[in-house]
1. When you scan region 67-102, how many residues do you find that are open to solvent by 50 Å² or more (accessible area, probe 1.4 Å) and within 15 Å of Val16 (Cα to Cα)?
2. Can Gly105 be described as over 15 Å from Ala23 (Cβ atoms) and among the small types (Gly, Ala, Ser)?
3. On the basis of being closer than 23 Å to Pro143 by Cβ and open to solvent by less than 50 Å² (accessible area, probe 1.4 Å), does Phe28 make the cut?
4. Of all residues in region 204-249 being in a strand (DSSP E or B) and either basic (Lys, Arg) or at pLDDT 95 or above (or both), which is farthest from Leu301 (Cα to Cα)?
5. Which residue, of Leu41, Leu121, is touching a residue at least 60 places away in the same chain (Cβ under 8 Å) and either surrounded by 14 or more Cβ atoms within 10 Å (Cβ to Cβ) or of a type in the set (Ser, Thr, Tyr) (or both)?
6. Which one of the conditions (1) within 24 Å of Phe235 (Cβ to Cβ); (2) free of Cβ contacts under 8 Å to residues at least 40 places away in the same chain does Lys51 fail to meet, given that it meets all the rest?
7. Of all residues in region 295-327, which are in a loop (DSSP other than H, G, I, E, B), more than 11 Å from the chain's Cα centre (by Cα) and modelled with pLDDT of 95 or more?
8. Just the residues that are among the aliphatic types (A, V, I, L, M) and either within 25 Å of Tyr249 (Cβ to Cβ) or open to solvent by less than 70 Å² (accessible area, probe 1.4 Å) (or both), please, taken from region 183-221.
Amino acid sequence: MEYVLPGIPYLKLRFVFTAPGAAMLPQFKGSMLRGAFGHALKRTVCVMTPKQPCENCMLRGQCVYTRIFETFIEGSPPPFLKGVQTAPRPFIIDAFDEQTEYEKGRELTFDLTLLGTACQLYPYVIFAFHKAGEKGFTARSHPFRLQRVLWHDTAFAAAEEKADGRKILYDGATQTLLDTPVPRPPEPTNDISLPVALTFLTPTRIKFNGHYGMEFTFRQLVFKMLRRVLEIAHFHIPEAQPDWDFHDYLVAADRVRITGFNLHWQDWHRYSNRQKTDMEMGGFAGEITLEGEVEPFAQLLKISEVLHVGKGTVFGLGKVEVKSEKL
């Protein structure tokens with residue numbers, strides 16, 4: 001069957017900081033970076049008093065902070081989000097740097113992906129991380145200097161035959177933007193060869209039948225991936241027309257079998273400043289193998305590499321990689 005997915009323009013940025021002195025950071029930095037970014041962004045762009053709650057602020061529909069970091073649902077919500085106040089956030093932090101001890105001059109590197117209309121707001125994002133580094137990371141306020149920001153240009157990678165295709169966007173020494181990045185959606189594809197392996201690289205938190213777990217069918221996984229694509233399109237791509245009539249697409253997913261389960265549960269904890277408590281954020285990681293009629297889902301799997309899947313994607317959870325000879 002043919003089901004058309006909305007295109008999700010995205011912009012992938014790589015941030016490179018250096019430590020001006022010795023510092024200790026957690027191994028898993030997604031939560032730390034997300035919190036520092038949110039505080040810095042709000043301090044940078046908010047024109048109201050600190051006591052003004054975002055949820056009833058008269059400017060919340062036009063505010064850069066709420067558009068990126070605390071996206072409220074305006075008007076009628078899409079299916080599956082009735083009764084929920086906020087929408088999926090249009091950014092993903094991929095903090096692959098697991099170093100914990102930083103001596104003077106050591107680099108701290110991570111990626112941040114902006115989605116849809118949030119791509120236009122990259123100068124605010126860069127400046128907010130610049131200020132977050134100045135203030136310092138963790139409760140001990142370890143300062144870090146933003147040296148440069150690079151962006152991933154797929155056209156540049158193809159033309160120059162460079163594997164990563166990264167170009168310098170921002171120079172920290174002069175605090176200058178050096179380029180104009182162009183967001184692009186994942187390349188359309190339905191060309192895929194069996195077997196297909198899906199590797200979950202970071203803890204993936206998905207509720208199946210009301211509980212977090214790691215026993216699921218391909219149809220259940222497709223539903224979670226598809227819902228994320230449609231919700232991002234609904235809230236962050238004004239011109240998109242998401243097709244919520246996907247029953248036949250899910251039925252087609254029943255023709256795909258998971259023939260290899262090599263998953264394990266990986267616990268991860270973070271401290272929530274908002275709730276003032278430790279939170280358990282465990283999920284499954286590892287690999288599954290797919291057999292059957294996978295072709296109709298090639299594009300969905302490719303988009304999910306960009307969007308991640310499940311809860312906690314802003315921290316970098318739910319990162320998935322598709323392995324196939326033709327993908």
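The values are calculated or read from the model by the stated rules, or taken from the named source; none is laboratory data. Computed from a predicted structure; not experimentally measured. A quick note on method: Cβ atoms are made from the backbone with ideal geometry, for glycine too, and the neighbour counts reach across all protein chains shown. The accessibility values were calculated without ligands, DNA or RNA, using every heavy atom of the protein model including side chains. Shrake-Rupley method; radii C 1.70, N 1.55, O 1.52, S 1.80 Å.
1. 3
2. Values: over 15 Å from Ala23 (Cβ atoms): no; among the small types (Gly, Ala, Ser): yes.
When the stated conditions are applied, Gly105 does not pass them.
3. Numbers: closer than 23 Å to Pro143 by Cβ: yes; open to solvent by less than 50 Å² (accessible area, probe 1.4 Å): no.
Spelling it out, it is not the case that Phe28 is closer than 23 Å to Pro143 by Cβ and open to solvent by less than 50 Å² (accessible area, probe 1.4 Å).
4. First pass over region 204-249, keeping only residues in a strand (DSSP E or B): 204-205, 207-208, 211-212.
Now restrict to residues that are either basic (Lys, Arg) or at pLDDT 95 or above (or both): 204-205, 207.
On the way: Thr204: 15, Arg205: 17, Lys207: 19 Å.
Among them, the one singled out is Lys207.
5. Values: Leu121 fails: touching a residue at least 60 places away in the same chain (Cβ under 8 Å).
That would be Leu41, the only listed residue that is touching a residue at least 60 places away in the same chain (Cβ under 8 Å) and either surrounded by 14 or more Cβ atoms within 10 Å (Cβ to Cβ) or of a type in the set (Ser, Thr, Tyr) (or both).
6. Here Lys51 meets the rest and fails (1).
7. So the first thing to find is which residues in region 295-327 are in a loop (DSSP other than H, G, I, E, B), and the list is 308-310, 312, 316-319, 324-327.
In the following step, the residues that additionally are more than 11 Å from the chain's Cα centre (by Cα) were identified as 324-327.
Residues satisfying the conditions do not exist here.
8. Start the filter on region 183-221 by keeping residues that are among the aliphatic types (A, V, I, L, M), which leaves 192, 194, 196-198, 201, 206, 214, 221.
Scanning region 183-221 gives Ile192, Leu194, Val196, Ala197, Leu198, Ile206, Met214, Leu221.
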